[in-house]
1. If each residue's Cβ is checked for other Cβ atoms within 10 Å, how do Glu84, Glu200 rank with the fewest at the top?
2. Using only the alpha-carbon atoms, what does the chain span along each of its principal axes? Please give whole angstrom values in decreasing order.
3. Report the charge-dipole magnitude of the chain in Debye, nearest 20, computed about the Cα centre from +1 at each Lys and Arg Cβ and -1 at each Asp and Glu Cβ.
4. If R₀ is 25 angstrom, what is the calculated FRET efficiency for the pair Gln187 and Leu55, using the beta carbon separation as r and rounding to 0.05?
5. What fraction, in whole percent, of alpha-carbon pairs in region 146-199 exceed 14 Å separation?
6. Taking the alpha-carbon centroid of each part, what is the distance from region 174-214 to region 250-291 in angstrom?
7. Net charge within 15 Å of Gln192 by Cβ-Cβ distance, Lys/Arg positive one each and Asp/Glu negative one each, not counting Gln192 itself?
8. Over region 3-289, what relative contact order in percent results from Cα pairs under 8 Å that are six or more residues apart?
Amino acid sequence: MRLWCLCSLLVLVVLGQGQEDVGGGGGGSKEMVPAMFIFGDSLIDNGNNNNLATLAKANYFPYGIDFQAGPTGRFSNGYTVVDEIAQLLGLPLIPPYAQASGQQLLHGVNYASAAAGILDITGRNFMGRIPFNQQIINFQNTLDQISNYLGATDLAQALSRSIFFVGMGSNDYLNNYLMPNYPTRNQYTGTQYADLLVQEYNQQLIRLYNLGARKFVLAGLGLMGCIPSILAQSPNGVCSEEVNQLVLPFNANMKLMIDNLSANLPGSHFIFINIHNMFKDILTNNSSYGT
């Protein structure tokens with residue numbers, strides 16, 4: 001699936017709710033949703049790790065070389081995927097939780113943290129990070145602040161029409177299961193570990209639902225055996241098929257989880273982003289992407 005297809009899907013999800021011009025959006029455009037709340041890791045962290053005692057930071061060059069503000073904490077040369085999605089939805093760039101305040105909160109908050117995982121223990125080699133459980137607690141803190149502006153009824157209505165983007169799980173493999181100083185690989189087979197992760201993930205998403213989330217966009221895991229840190233371990237510089245196969249049960253479990261949540265959480269809507277197929281398409285048809 002091309003990136004523009006992914007973003008178009010998001011737009012289609014919210015079009016049925018109508019557009020509203022609440023002001024302060026990207027370039028004066030109409031906002032398709034009231035807000036976007038973002039949970040994840042380094043793929044979408046935009047500054048929450050800057051002031052942590054952590055090795056997982058990106059607030060220095062060459063990060064941000066194509067971003068107008070320079071290095072911000074994004075692990076990217078420029079925009080991340082959630083920045084692009086925010087613009088397509090007519091929203092301003094969503095601020096990180098570490099910096100968000102006042103009426104900024106009304107457009108949403110980014111809670112993502114590099115090295116974070118579904119499991120609290122994930123990423124400890126980097127020291128400081130904000131696991132998904134803590135990101136949810138931070139979201140609860142935000143709700144207390146937003147309620148001062150909107151009141152309980154308007155807050156519930158706004159949340160039900162907002163996008164909740166969640167991209168978790170990569171570090172639970174890269175910085176947990178595949179790390180030699182973690183016991184996880186000796187405790188669980190790949191299938192058992194995928195079951196463990198998605199069981200915890202399921203409960204975390206239910207917590208978000210109980211806090212008012214209704215429209216979820218969940219990103220699966222890509223061809224993780226082809227990322228630089230894994231390629232660096234290959235004597236031939238080729239993708240690790242073992243790692244690529246390792247994460248497939250997680251993606252399969254995610255799809256089943258989404259089906260179950262959709263059936264059991266009234267009013268919920270889920271989109272699953274098949275990152276695995278996106279990566280495969282890019283590698284197979286790299287010339288069409290200019291790489």
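1. Details: Glu84 15, Glu200 18.
Lowest to highest Cβ neighbour count: Glu84, Glu200.
2. Largest first, the chain extends 56, 43, 40 Å along its Cα principal axes.
3. So the magnitude is around 100 debye.
4. Once the sixth-power term is evaluated, E becomes 0.50.
5. Of all Cα-Cα pairs in region 146-199, 65 percent lie more than 14 Å apart.
6. 17
7. With Lys, Arg at +1 and Asp, Glu at -1, the neighbours total -2.
8. Once divided by the residue count of region 3-289, the mean separation gives 17 percent.
Coordinate-derived values only; no laboratory data. Worth saying up front: this structure is predicted, and the values here are computed from it rather than measured. As a convention, Cβ positions derive from the backbone with ideal geometry for all residues, glycine included, and neighbour counts pool all protein chains shown.
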